[in-house]
Amino acid sequence: MNETLAQRVRIDVDGTVQGVGFRPFVYRLAHELELSGWVSNTVNGVSIEVEGGAPTIETFLRRLKDEAPASACVDGMRTYGIPVQDDRGFAIHRSTERGRPSLVIPPDLATCSDCLRELADSSDRRFRYPFLTCTQCGPRYSLLTAMPYERSYTTMGGFPLCVDCLAEYETESDRRFHAEQTACSACGPYVRLWDEQGYETERGEEALLRANALLCEGLVVAVKALGGFQLWVDAGSEEAVRRLRARKQRPDKPYAVLFPSIDAVHADCVVSADEEAILRSPQAPIVLVRKRSGAQLAESVAPGNPYIGAMLPATPLHHLLMQDLQRPMVATSGNRAEEPIVIDEREAVIRLKGIADAFLIHDRPIARPVDDSVVRVVPAGSQARETEQQDKLKAQVIMLRRARGYAPQAIRLENGFGEKTGLGSVLAVGGHLKNTVALLREDRVWLSQHLGDLSTLEADAAFRQAVGDLQRLLKTEPQLIACDLHPDYRSSRFARELASSLSVPLVPVQHHHAHVASCMAEHGLDGEVLGIAWDGAGYGTDGQVWGGEFLIAGYQRFRRFAHLRPFRLLGGEAAMKEPRRSAAAVLWEIMGERMPGYRLPSWEAADDQRAQFAALLRSGLASPWTTSMGRLFDAVASLTGLCRQPSFEGQAAMAVEFAAERAGGHEASFASGYSVDLVEPDSSGGTRVVDWRPMVSALLDDLRRGCNPEQIAARFHVGLAAGIVCVAQAAGLPRVVLTGGCFQNGLLLSFTRQRLEEAGFAVYSHSLVPSNDGGLSLGQAVIAARISSEEQSL
């Protein structure tokens, strides 16, 4: 078309394009190319109309994709011609609320380099202002109360812009053009320091200086961060860290450490290029990195753990504090055990009483608790899904906790998922531990932030708020609800009540099937796979406690191809807290009545306790059968003496993993592993059984010979990987999914992936969502959608 002949096109953009400077970018690009038209936020993303010559519009469309802001993520762009209007100029229009929301909820992002320069510039009017932001960084999801993303729909709506900030907001050439959360010291929030009783002692700059002084004295300061309170203490002071542990009643669970700079992280930790890239990314999560032998950190920061959960400052407030402190700080979640993090300062004074010595607070309200995300880096496999972050890395990111920086970005479902289901919205409420909730509509699933364990009333309130938030922000009500098959989970009870009140169907989903489907959905898989789901516990279709499962699964259905040989969960839930109980149970399966008299120097159990264990095992009283791989790890930890009395979930299994690493586990020969037997079903049918007894018997022989526990742990890992390959070969499916909490173990994941890929299998594991129960809601949602769709088509 001739350049002089104008045309007009409408462009609808889907993705993370609100709250990330996308409209100002479009405005500047259109002005540069002298195109007329407008841009507006919509409930579906962003809509654009441009008018001009065809070649110029083609250039605009190309640059719209190639030059979008780094924090934006364009998932889809639909373009179609419309009548020419002969308008003049280009404008940003007010947002429209027509239609239903799609992928438009922006996550919170770490402070950008431009804002950091202003923060340090004494001539800038935002010099040392703790809440400066722009279109490229700052809080979004943690402040959002409704959609579309505009200031009036955030907790910043109560802070009217001053004359200077308003001028920036309305100036198209300014970095804060339509930055909804912008503010300055004249019109925005400010910091104050409260004593332990909640009385103000300082404000502004003096509050920051006094808080730092208290930290340098070894006291505990509760800091109101982006998504909730954090408890800070000097990470180099053994006395200070121990004091925090005593007050929080958290004797061993590792603490995250906030470092003042990437150089400071390198000084105390071994950091790969990939780990550094993630630490410095806009998401700025906690990254597990290996601690240096000469690290100047208190041993109590992560007792017996070779890794440190390192993070860098993610907000201006954090930067200001750390610039002055210039030392690592423990920055752990501001809560009590099994409670969500505190987001309100008055509530913090009550709930953190006896823990914090002072409170550094501010008056910007937090809409919802959003904890720090936690990730780990392991060698990437050949089937790792390419994501915007993953394709820049040489390794695979394992998501351990998905929250700040990532939530609530949607998971896009592939292979025409929305067309195959044709349903309305599906709400999935997750499990009981590490809970998240999810909402599926068409081809996308929105996952909430990590909510934690639903064991307290406070946790239940946060869970219910998250369910309401997703429905309100996405302006949808579920037509179907999914939950865990376990009838007594708090989340399952809630799902039954909600389904009844809304008169919609409820779909209970088996725990391990949900794990497998979660990984399948993450990678866009369809059809059947062999799913290996290993974790601590999940309610089985037979009413037993599953946890070492090999499932041939698709979305609509699964069958149990094989499972770990059952043993007793000695004392029920008590076995989950005392590894010696799992050790006694596996010994009973090997030697029966000889177990009480069996002696190992490394295995501690008093005679009267052994007799009590034997009585329970003999009768089966309060000791259901389990196939839990997590409990088998516990048994090995106890028998080898690597962990006798854990104080947090997963501690025993972690001890076995770390011991294997100390033995040079990553270089261990596969031939050195212990063996398991795959027992075929008899003529009456049934399920194959992976018999661990040869493995544990060989392990006991090694212990009696005085073999090093570290070498035993390495052989245990190698044997498990070999056992998985054996089952995969028997199943005969080309695709294998590795899921469940046990595959947070980087060594087990690496061994297993290597062996499977060498045997010719395509291997899939998690990167976008956790392999632990934090990913259950995604799996529940896609399973329920497919089951319901299939039923409707019959």
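Below are the figures for this structure:
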read-out	value
Distance in nm between pseudo-label sites at Ala70 and Ser123 (7 Å out along the Cβ direction from Cα)	2.5 nm
Principal-axis tilt of helix 22-32 within the chain, Cα atoms, nearest 10 degrees	40 degrees
Two-site FRET efficiency, Arg346 against Ser619, from Cβ-Cβ distance with R₀ of 51 Å, rounded to 0.05	0.45
Accessible-area value, Asp682, 1.4 Å probe, nucleic acids and ligands omitted, Å²	100 Å²
Where trypsin sites (Lys or Arg not before Pro) fall in DSSP loop in region 683-741, at most 12 other Cβ within 10 Å	Arg705
Exposed-loop-free span, longest in the chain, where chymotrypsin sites (Phe, Trp or Tyr not before Pro) count as exposed if DSSP calls them loop and at most 14 other C-beta atoms lie within 10 Å	200-647
R0 of 22 Å, Cβ-Cβ distance Arg63-Glu172: FRET efficiency to nearest 0.05	0.85
Per residue, in Å², the accessible surface of the chain once ligands and nucleic acids are set aside, probe 1.4 Å	36 Å²
Relative contact order [Cα under 8 Å, 6+ residues apart], region 630-766, whole percent	24 percent
Charge dipole (debye, nearest 20) of region 433-498; +1 at Cβ of Lys and Arg, -1 at Cβ of Asp and Glu	120 debye
Using a Förster distance of 56 Å, the FRET efficiency for Ala267-Glu604 (Cβ separation, nearest 0.05)	0.90
Dipole magnitude of the chain about its Cα centre (Cβ charges: Lys, Arg +1; Asp, Glu -1), debye to nearest 20	1380 debye
C-alpha center-to-center spacing [region 517-572, region 493-510] in angstrom	23 Å
Angle between the chain longest axis and helix 238-248 axis [Cα atoms, degrees, rounded to 10]	90 degrees
Over the chain, relative contact order from alpha-carbon pairs under 8 Å, at least 6 apart, %	11 percent
Most to least packed among 617-623, 331-337, 423-429 [average Cβ atoms within 10 Å]	423-429, 331-337, 617-623
Gained length - Glu791 relative to Arg94, 0.36 nm times residue gap less alpha-carbon distance	246.6 nm
Within the chain, percent of DSSP bridges classed antiparallel, to nearest 5	75 percent
Helix-only mean residue ellipticity at 222 nm for the chain, each DSSP H run of n ≥ 4 adding -39500 (n - 2.57), per residue, nearest 500	-10000 deg cm²/dmol
Distance between region 743-765 and region 642-666 - C-alpha centres, whole angstrom	20 Å
Which of Ser455, Pro505, Ala54, positive extreme of dipole for the chain (C-beta unit charges)	Ser455
Gln612 versus Tyr190: modelled label distance in nm, points set 7 Å from Cα along the beta carbon direction	6.0 nm
Stretchable slack from Ser501 to Glu34, in nm (0.36 nm times residue separation minus alpha-carbon distance)	162.6 nm
Links that overshoot a 20 Å alpha carbon limit, given the list Lys224/Lys248; Lys65/Lys475; Lys224/Lys253; Lys224/Lys475; Lys224/Lys353; Lys434/Lys475	Lys65/Lys475; Lys224/Lys253; Lys224/Lys475; Lys434/Lys475
Dipole-positive endmost among Ala302, Val9, Pro328 within the chain (Cβ charges, Cα centre)	Ala302
Cα-centre dipole for region 196-236 with unit charges at Cβ (Lys and Arg positive, Asp and Glu negative), debye to 20	160 debye
Residue-level accessible surface for His513, protein heavy atoms, 1.4 Å, Å²	10 Å²
Nearest-ten-degree value, helix 490-502 long axis tilted from longest Cα axis of the chain	50 degrees
Scattering curve values for region 543-693, log₁₀ I(q)/I(0), Debye with Cα scatterers, q = 0.09, 0.13, 0.15, 0.20 Å⁻¹	-0.32, -0.66, -0.86, -1.32
3J(HN,Hα) from dihedral phi, region 219-226, Karplus parametrisation 6.51/-1.76/1.60, rounded to Hz, x for glycine, proline	8, 9, 10, 8, 10, 6, 9, 5
Label-point gap, in nm, between Ala730 and Arg557 - each point 7 angstrom along Cα→Cβ	2.2 nm
Most positive-pole-ward Cα, Tyr555, Gly531, Gly543, against dipole of region 528-582 from beta carbon charges	Gly543
Asp234 accessible area, 1.4 Å probe, all protein chains in place, Å² to nearest 10	20 Å²
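The values are calculated or read from the model by the stated rules, or taken from the named source; none is laboratory data. If you're wondering where the values come from, they're calculated on a predicted model, not measured in any experiment. Cβ sites come from the backbone with ideal geometry, for glycine too, and all protein chains shown count toward neighbours. Remember, those area values only see protein heavy atoms, side chains included, never the ligands or the DNA or RNA. Shrake-Rupley method; radii C 1.70, N 1.55, O 1.52, S 1.80 Å.
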